[in-house]
1. Please tell me if A:Gly70 is within 13 Å of chain B (Cβ to nearest Cβ), exposed (fewer than 13 other Cβ atoms within 10 Å of the Cβ) and either more than 8 Å from DNA strand D (Cβ to nearest atom) or under 28 Å from A:Ala19 (Cβ atoms) (or both).
2. Can you tell me which condition A:Asp87 does not meet? The list is (1) of a type in the set (Asp, Glu); (2) more than 11 Å from DNA strand D (Cβ to nearest atom); (3) more than 10 Å from chain B (Cβ to nearest Cβ), and all the others hold.
3. Please find, within the range B:50-67, the residue that is surrounded by the most Cβ atoms within 10 Å (Cβ to Cβ) out of those that are within 19 Å of A:Met11 (Cα to Cα) and more than 17 Å from the chain's Cα centre (by Cα).
4. Might you let me know whether the range A:1-20 holds any residue that is of a type outside the set (Lys, Arg), surrounded by fewer than 16 Cβ atoms within 10 Å (Cβ to Cβ) and more than 30 Å from B:Ala68 (Cβ to Cβ)?
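Where a number appears in this text, it was derived from the coordinates with a stated rule and is not lab data. Note that the structure is predicted; figures quoted are calculated from it, not measured. Glycine also receives a Cβ, built like all others from the backbone with ideal geometry; neighbour counts cover every protein chain displayed.
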Protein chains: 2
Amino acid sequence: MKKNEVTKLSMSDAQVDEAARQFSVLAESARLILLRELMAGEASVGELVERTGIKQGTVSKHLGILAAAGFLERERRGNKVIYRICDPVVYDLCSLMCCRLSDEAKRRAQSLAD
Amino acid sequence: MKKNEVTKLSMSDAQVDEAARQFSVLAESARLILLRELMAGEASVGELVERTGIKQGTVSKHLGILAAAGFLERERRGNKVIYRICDPVVYDLCSLMCCRLSDEAKRRAQSLAD
DNA sequence: GCACTATACTACCTTATCGCGATACTAAAC
DNA sequence: GTTTAGTATCGCGATAAGGTAGTATAGTGC
């Protein structure tokens, strides 16, 4: 499957639903913050709670959602659970979105200059 | 800003919020369906209503959301309004997600084989 | 101006999901 | 086996978003 062929007309409605579901997993500030932390390397739930200030239950829930979506993988290590990014696509998706945001910012600055 | 530097640790919480908002725009089946149609070329609201079977009010609303997010641009042509994709990033984001989905499918098939 | 078509806007209801607190589970340590 | 730290889950209230119907606005042709 080549990149530019994939999205043109070949997606079934079921695939569209699934894609939407995948995007919705990334459409949450808390989850992006967790991903951002995990981009620096694997971490346990407790470490992420400490670093982000998000409540434990909430962190656990979001990590579960990210793992269920296939972005993260879990590993039990003693009485801790380690999460790490297991799909490099995460980096690409976030990079694209970030570039897009900076471009938008430039565009808006341009508009203001008029 | 280089691609692989962007998302590592440099995003502020405000940028994360904005990124989440952008992803949430794509986290909707109806909007992905409209994007899929528009990937074949520009189209009017009426044409999109016809092709997708989605109600006019709903189509108009979603097109408005996509345009507000900077994915689409509007052009009034007579008594019709034409929409078209104005940000090529859309193709990349959707391609990445589609490739990811097919990979996931393969992974799941592999798991079933065990 | 008047009818007709195309698009946008508003209000309402429904559904989904977030964050939180409390609680239950799991594994190590004693 | 009991305790303790770490993690997961459940139930709740609140908030946000989607879909629809109805209405308003804008352009076209007579």
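1. no
2. Answer for A:Asp87: the failing condition is (3).
3. Filtering first and then ranking leaves B:Arg51.
4. yes
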